[in-house]
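What follows is a single structure, written as structure tokens, with notes after it.
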Amino acid sequence: QTQLVESGGGSVQAGGSVRLSCVASGYVYRTYCMAWFRQTPGKEREEVASIDADGNTTVADSVKERFTVFKDDDKSTLYLQMDRLKTEDTAMYYCAGDGCGFVALAGSYGDWGQGTQVTVSS
């Protein structure tokens, strides 16, 4: 029903900035919650940031001072602005989404993108 496609990843030097995008298409719930996750092989998947249908956001403490999540509902696009990148930010970044009711009850997301790689070098 719902497809999510991330873009914007690539290689960047430490201290630089990258903006990731995630376009949602297909059928979406009226109240659609979304989030960004990241994962490195051998490490636990981490929720980086989330945003609900009303634009309320949460950001992980590990990136709170450097990352910002926002969306453009007219373009059905979720963004993750990443500033002052560090080498430890290197990961595959995924966007996820689902009806906010489902997210609240299940504590998870049913829709996932394929991911976009961000590599930060020193």
Checklist outcome for this item: quick note, the chain, DSSP beta bridge pairs, % antiparallel (nearest 5) is 90
Item to check | Fully extended contour minus Cα-Cα distance, from E46 to R19, at 0.36 nm per residue | outcome: 7.9 nm
Checklist entry - If eta is 1.567 mPa s and T is 4 °C, what Stokes-Einstein diffusion coefficient results for the chain, Kirkwood Rh from Cα pairs, in µm²/s? => result 90
Item to check | Positive dipole terminus of the chain, leading residue within A49, V63, C100 (C-beta point charges) | outcome: V63
Checklist outcome for this item: With +1 on the Cβ of every Lys and Arg and -1 on the Cβ of every Asp and Glu, the dipole magnitude of the chain about its Cα centre, in debye rounded to the nearest 20, is 240
Checklist outcome for this item: Note: T2 to T58 extended length (0.36 nm per residue) minus current alpha-carbon separation gives 17.9 nm
Checklist entry - When ligands, DNA and RNA are left out and all protein chains stay put, how many square angstrom of accessible area per residue does the chain have with a 1.4 Å probe? => result 56
Item to check | Where a label projected 7 Å from the Cα of D83 along Cα→Cβ would reach, residues of the stretch 1-39 with amide N under 17 Å | outcome: 13-20
Item to check | Reachable lysines, given that their alpha-carbon falls under 21 Å from the alpha-carbon of K86 and they are not under 8 places away in the same chain | outcome: K43, K64
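The values are calculated or read from the model by the stated rules, or taken from the named source; none is laboratory data. Source: prediction; values computed, not measured. Neighbour counts run over all protein chains shown; Cβ positions are idealised from the backbone, glycine included. The protein model used for the area step is the full one, side chains on, heavy atoms only, and it has no ligands, DNA or RNA in it. Shrake-Rupley method; radii C 1.70, N 1.55, O 1.52, S 1.80 Å.
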